[in-house]
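What follows is a short report on a single structure.
The values are calculated or read from the model by the stated rules, or taken from the named source; none is laboratory data. Small disclaimer: the values here were computed from a predicted structure and weren't measured. Here the Cβ is made from the backbone with ideal geometry for all residues, glycine too, and neighbour counts use every protein chain on show.
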Amino acid sequence: MIHLFPYWDFSMGQEIDVRICSNQYEVALFLDDEPLGRRKMHGQITQDFRILYRPGTLRAKAYDRLGNVLAQCARASFGEAVKLYLSYEHFSVLTFATITALDANDRPVENANRLVRVHVAGGELVGLDNGDAADLTPFPQPARRLFSGKLLAVIRRFENEELFVTAELDPYVIPVRKVELQRDGLGFSARLLPKNADPTETRWRLTNAAGIDSDLGELRADASGLNAEIIPKGDGDVFVRCGVMNGQEHISLYSQMRVALCGYGRAKTDPFSFVSAGLYTFSNDALGNGNERGIATLRNGRCVFGFDNLDFGESDSDSFSIWLFPLTKEPFHFEVWEGKPFENGCKLCDPLYDLGSIWNEYQELRIRLPRKLKGTTSLYFVFELKTHVKGFRFHDMSFDPIDASECHGIYGDSYRLSGMEVLDIGNNTTLVFRGLRFTHPGANKVEITWRSTKKDNPVRIIIESESGTSRTELNLSAMPQYGSRVFSLGETAQGNCTASFVFLPGCALDLKSVHFLQVKED
């Protein structure tokens, strides 16, 4: 016995995993006349090869211990489906008609997905099925899509009548059956086949080998959806994927191409975006696959896994959410470390998970750390029992109160740092707050907490963002004890921003904090 996977029709140069199944002593793989490898089975029933696609005929041969060929099979490249072939099996009053798509050279089109209409005379169509679990078309309907190039019609024959079954490709419904990717440097284009296929939505993704969105780069598609470009962020292997919807609510098929990114350095991960658990950079043992591209920790024993090179940039945070699905309903503790545990790391806390267990459902646990993480650092976790982990995301603190002394820069004629405050602010002193992330709809007001014996303290707020620079002039009045007041910003600030508070000539005050706000206008 020998069998060969998969069908042979992909993008030129695409890496394809090829599997041979056999019960013989040795197997060999050929593409046309080129030998691609010969391997002994050693008691196994499968051997896997990875080869680059090019059109031709893929052949597998099985040998006995004397080198005699006992079995062989082949998968050939093919063109578009232009006709259908029907074969029959008869059981009592039922006839099973297998419908196979063929190209112009009578080769099976093994990824054909065209809509087929079936007509029966001398019998009744009982069911029409294609083996696609995602296709919810009712069985008795006389039209259904091919799946993997095939369709099965089940017919009840009428007594004393001759049975006639015909099948035809619908000329008006033509889905995409193949996405061919072509590469030019870091640019990619998608060719949708057949050429007269119905228009469809495309979806581009940049992933790792496990299908998890990669942090090594960003993939930007143009307005047509047929071209995309990688914006690299670091070195490593990524996969460019282009999928099509074909009028469905999910990706119906996709093509991918491996790309090695080199010369861009070590990639950094944004902790304020969702970080999939599958992107871990260290584990003390092999981790299992979890739901939604997460991971599963060990069933027994201590499991350590972590994420290196988290880049907080100019921002910082002491709050994050982690999504967990434990197998136990009992509360339990786990450990959170900055740096590698039990080596150079520092344990931050032992959070308690007490949300119970809902089967196959992640629940969000929000954790407050004893101090803020900043700069480029690492986050590690230690679990003692099996838990599915989806991932984590740090909470942006830009909309939390910021102590005056937490500014990222201060300069001017007069100021004095004291604890979390900046005292004795005088003429021409500037406090700079970088790394602010004002998510939609942005910040339109700021709450300032200060004290001063002077009647007038003129202040200018300058906010710089990717979209430009805005300036707001305001006056802080006399306030003998610390008090707060909310001021409107000249323009709503959105995205990544830097805010500078410029205390103009004539100022004399102590500043305790600033707090940017999202306030809905009436």
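Residue by residue through the stretch 115-131, note down the ones that are over 21 Å from D198 (Cβ atoms) and in a loop (DSSP other than H, G, I, E, B).
Result: G122, G131.
Collect the residues in the stretch 1-48 that are among the acidic types (D, E) and farther than 25 Å from L66 by Cα, keeping them in residue-number order.
Answer for the stretch 1-48, where residues must be among the acidic types (D, E) and farther than 25 Å from L66 by Cα: D9, E15, D17.
This table checks each residue for (1) of a type in the set (A, V, I, L, M, F, W, C); (2) over 16 Å from the mean Cα position of the chain (by Cα); (3) closer than 30 Å to T200 by Cβ.
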position	(1), (2), (3)
N246	no, yes, yes
F272	yes, no, no
G288	no, yes, no
A296	yes, yes, no
G301	no, yes, no
F307	yes, yes, no
F312	yes, yes, no
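Let me spell it out: the conditions are (1) surrounded by fewer than 18 Cβ atoms within 10 Å (Cβ to Cβ); (2) within 36 Å of the chain's Cα centre (by Cα); (3) over 13 Å from I462 (Cβ atoms), and E491 meets all of them except one. Which number is the exception?
So E491 meets the others, but not (3).
Of all residues in the stretch 459-476 being surrounded by 13 or more Cβ atoms within 10 Å (Cβ to Cβ) and small (G, A, S), which is nearest to the chain's Cα centre (by Cα)?
In this case the residue turns out to be S465.
Somewhere in the stretch 483-502, is a residue out of contact with any helix residue (DSSP H, G or I) (no Cβ under 8 Å at 6 or more places or on another chain), assigned by TED's automatic domain parsing to the domain that holds N427, at pLDDT 90 or above and not in a strand (DSSP E or B)?
no
Kindly indicate the residue of the stretch 91-114 that is in a strand (DSSP E or B) and buried (at least 17 other Cβ atoms within 10 Å of the Cβ) and also farthest from the chain's Cα centre (by Cα) among those meeting that condition.
T95
Looking only at the stretch 117-159, which residues are within 16 Å of Y85 (Cβ to Cβ) and of a type in the set (S, T, N, Q)?
Correct list: N130, S148.
Within the stretch 302-354, track down each residue that is more than 11 Å from L379 (Cα to Cα), basic (K, R) and either at pLDDT 95 or above or in contact with an Asp or Glu (Cβ under 7 Å, 6 or more places away or on another chain) (or both).
If the condition is that a residue be more than 11 Å from L379 (Cα to Cα), basic (K, R) and either at pLDDT 95 or above or in contact with an Asp or Glu (Cβ under 7 Å, 6 or more places away or on another chain) (or both), then R302 is the only one that fits.
On the given criteria, is F342 touching a strand residue (DSSP E or B) at 6+ places or on another chain (Cβ under 9 Å) and either in contact (Cβ under 8 Å) with a residue 40 or more places away in the chain or among the aliphatic types (A, V, I, L, M) (or both)?
Criteria not met by F342.
Test V179 against the stated conditions and say whether it is under 20 Å from the mean Cα position of the chain (by Cα) and within 27 Å of D311 (Cβ to Cβ).
Spelling it out, it is not the case that V179 is under 20 Å from the mean Cα position of the chain (by Cα) and within 27 Å of D311 (Cβ to Cβ).
Considering only the stretch 399-423, state which residues are in contact with a Ser or Thr (Cβ under 8 Å, 6 or more places away or on another chain), in a strand (DSSP E or B) and touching a residue at least 60 places away in the same chain (Cβ under 8 Å).
I402, D403, E421, V422 - these are the residues of the stretch 399-423 that are in contact with a Ser or Thr (Cβ under 8 Å, 6 or more places away or on another chain), in a strand (DSSP E or B) and touching a residue at least 60 places away in the same chain (Cβ under 8 Å).
Given the criteria under 27 Å from A267 (Cα atoms), out of contact with any Ser or Thr (no Cβ under 8 Å at 6 or more places or on another chain), surrounded by fewer than 12 Cβ atoms within 10 Å (Cβ to Cβ) and of a type in the set (D, E, K, R), does E343 qualify?
Spelling it out, E343 is indeed under 27 Å from A267 (Cα atoms), out of contact with any Ser or Thr (no Cβ under 8 Å at 6 or more places or on another chain), surrounded by fewer than 12 Cβ atoms within 10 Å (Cβ to Cβ) and of a type in the set (D, E, K, R).
Considering only the stretch 423-446, state which residues are in contact with a strand residue (DSSP E or B) (Cβ under 6 Å, 6 or more places away or on another chain) and over 17 Å from I461 (Cα atoms).
Within the stretch 423-446, L423, D424 meet the criteria.
Out of curiosity, is P480 in a strand (DSSP E or B), modelled with pLDDT under 90, more than 30 Å from G294 (Cα to Cα) and outside the structural domain of G290 (by TED's automatic domain parsing)?
no
Can you name the condition, by its number, that V446 falls short on among (1) over 30 Å from F325 (Cα atoms); (2) surrounded by 17 or more Cβ atoms within 10 Å (Cβ to Cβ); (3) at pLDDT below 95?
(3)
Output the residues belonging to the stretch 424-466 that are polar (S, T, N, Q) and assigned to a strand (DSSP E or B).
T429, T430, T439, N444, T449, S452, T453, N457, S465
Any residue at all in the stretch 137-146 that's assigned to a strand (DSSP E or B) and under 30 Å from G37 (Cβ atoms)?
no
Take the stretch 380-398 and flag every residue that is of a type in the set (A, V, I, L, M) and assigned to a loop (DSSP other than H, G, I, E, B).
M397, the sole residue that qualifies.
Can you pull out the strands (runs of 3 or more DSSP E) entirely within the stretch 193-250 that have at least 1 residues that are of a type in the set (V, I, T) and surrounded by 18 or more Cβ atoms within 10 Å (Cβ to Cβ)?
202-207, 227-232, 236-244
Kindly check whether there is at least one residue in the stretch 386-393 that is within 16 Å of R302 (Cβ to Cβ), modelled with pLDDT under 95 and surrounded by 12 or more Cβ atoms within 10 Å (Cβ to Cβ).
Looking through the stretch 386-393, at least one residue is within 16 Å of R302 (Cβ to Cβ), modelled with pLDDT under 95 and surrounded by 12 or more Cβ atoms within 10 Å (Cβ to Cβ).
State whether one or more residues within the stretch 120-134 are without any contact (Cβ under 8 Å) to a residue 12 or more places away in the chain and not aromatic (F, W, Y).
yes
From (1) modelled with pLDDT under 95; (2) among the basic types (K, R); (3) within 21 Å of G409 (Cβ to Cβ), pick out the condition that doesn't hold for R460.
All conditions pass for R460, except number (1).
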